[in-house]
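Every read-out reported here was derived from the displayed coordinates using simple, explicitly stated rules and does not represent laboratory data. The model shown is predicted, which means the values in this text are computed figures rather than measured ones. So basically every Cβ, Gly included, is an ideal-geometry build from the backbone, and we count neighbours across all protein chains shown.
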Amino acid sequence: MNTSVLLVEDDRELRTTLRDALALEGYAVTAAASIADARALLAHAFADAGPDLVLLDLGLPDGDGEGLLAALRRARAPAVIVISARHGEDPKVRLLDAGADDYLVKPFGLAELLARIRVALRHRGATAAPAKLHWAMGGVEVDVAAHRVLRDGVALHLTPTEFRVLARLVRQAGRVVTHRQLLADVWGPEHVDDTQYLRLYLGQLRAKLERDPADPQLLLTEPGVGYRLADPGS
Ligand code: CA
């Protein structure tokens, strides 16, 4: 069965463009132009089986798309990618912390959107399975279970904290992990504001893993939001 996508976007031109592009990729796309439309579709057309993925605009004629996020979380949770013209880092972080899988700022390239969709769906499909424990890209290989990191086949020594940071990023490789998520999972909930830890440890990890630590290709910064381990599948 085709992967189903609910597209919530009031901009008619963008809605048509995205619907056609996603249909060409084989997705079964249903489009809504408002929060009310989206709610009606979720209650009726998607009553039995929810969409696999929701592309959610924020600025909608009858309110903020963010309100829909909570409703989506309550139902059998689809993957959610927010698409918005809002640049601010605050809403981005809040939405990711609230459970959105990813966030794309308009205008975005179609190739980028499709890559993010694949990552979000892969991750969503894998939620029932154990967390991702293996990652390899750019000559670097991480085996979380074996507690091993190789670069060009040579074992690297990481401190226990460096390893925990890296393992957390491997768990959702290709997806952004917010500062708060990373700090809470590695250092504990009392440290969610200690972003200086992250600068320090990401710097150390880059020095060990990246060919050019000043131009990271693997451990990517999402300014003001968090970090993303590059997706080897894209
Ligand atoms: Ca809009």
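Got a sec? Charge dipole of the chain, +1 on Cβ for Lys and Arg, -1 for Asp and Glu; which of Pro91, Leu55, Val192 is way out at the positive end?
Toward the positive end, the furthest listed residue is Val192.
Long-range amide H contacts for Ala31: which residues qualify at under 5 Å (H placed 1.01 Å from N, peptide plane, sequence gap of 5 or more or a different chain)?
Here Leu7 satisfy the definition.
Starting from the Cα of Lys106, draw a straight line to each of the lysines and keep only those under 26 Å, dropping any in the same chain fewer than 8 residues away.
Cα-Cα hits under 26 Å: Lys92.
Using only alpha carbon pairs under 8 Å that are at least six residues apart, calculate the relative contact order of the stretch 20-100 and give it in whole percent.
That works out to 28 percent.
What is the stretch 131-187's relative contact order, in percent, from Cα pairs under 8 angstrom and six or more apart in sequence?
Contact order relative to length: 28 percent.
Amide H to amide H, which residues 5 or more places from Thr3 or on other chains are under 5 Å from it, using H placed in the peptide plane?
Ala28
Shape verdict for the stretch 122-234, please, from the Cα gyration tensor: rounded (a/c under 1.5), prolate (a/b greater than b/c) or oblate.
It comes out rounded by the Cα gyration axes.
What's the magnitude of the charge dipole for the stretch 4-123 around its Cα centre, counting Lys and Arg as +1 and Asp and Glu as -1 at the beta-carbon? Answer in Debye, nearest 20.
Roughly 280 debye, rounded to the nearest 20.
Roughly how many whole Å is it from the C-alpha centroid of the stretch 170-231 to that of the stretch 16-59?
If we compute the Cα centre of each part, the gap is 32 Å.
Using a 10 angstrom cutoff on alpha carbons, build the Gaussian network for the chain and name the most mobile of Gly50, Gly26, Gly174.
Gly26
Please identify every one of the trypsin sites (Lys or Arg not before Pro) in the stretch 1-82 that sits in a loop by DSSP and has no more than 12 other beta carbons within 10 Å of its own beta carbon.
Those that pass, being in a loop and sparsely packed, are Arg76.
Over all alpha-carbon pairs of the chain, lay out the pair-distance distribution in 5 Å bins, whole %, shortest bin first.
Percent of Cα pairs in each bin: 1, 6, 14, 18, 18, 15, 11, 8, 6, 2, 1, 0.
Just the number, please: percent antiparallel of the DSSP beta bridges in the chain, rounded to the nearest 5.
DSSP beta bridges in the chain are roughly 50 percent antiparallel.
Restricting to Cα pairs below 8 Å that are 6+ residues apart, what does the relative contact order work out to for the chain? Please round to a whole percent.
Relative contact order comes out at 13 percent.
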